[in-house]
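Structure first, then comments.
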Amino acid sequence: MSTTIDTDRFKELLLEERQRVIDAIDNIHAENPGALGDETDEPTFQDNHLGDIATATFDREMASTLEDNSTHVLVEIDGALQRIEEGTFGVCERCGNPIDADRLEALPWATLCIEDKRKQERG
Ligand SMILES: [Zn+2]
């Protein structure tokens, strides 16, 4: 398949984004020591009123969600970098058509063309 995608540029973008995500995950860990990795852990605040406990729980869940999302993005970025190496970058996983350039600009690790993405989101 011939493609006009500038994979070198996307590779740079992806590597930059990858580093950004890794830094973000580090920050989450730095700001929430011990708060992650144990979903069943109860808040340990004894003397605070409920609002503070709710806030603490919310913060922890936010951090956990952020980390989940970041980890997910990291996997996506690694997949995109692998596809660049394999020469399949920018090709829809499902139908094999080229992914729209605008879509790749917005989401360099996209694996589906916009049509298949919409189908997927509809379930
Ligand atoms: Zn497709």
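General observations
- Computed from backbone phi, the HN-Hα couplings of segment 57-69 come to 5, 4, 4, 5, 5, 4, 4, 5, 5, 4, 5, 4, 4 Hz, rounded to whole numbers (Karplus: 6.51 cos²θ - 1.76 cosθ + 1.60, θ = phi - 60°; Gly and Pro given as x).
- Amide H to amide H distances under 5 Å link Val91 with Ile99, where only residues 5 or more positions off or on other chains count and H is placed in the peptide plane.
None of the figures in this text is laboratory data; all of them are computed from the coordinates on show. Keep in mind it's a predicted model, so treat the numbers as computed, not measured.
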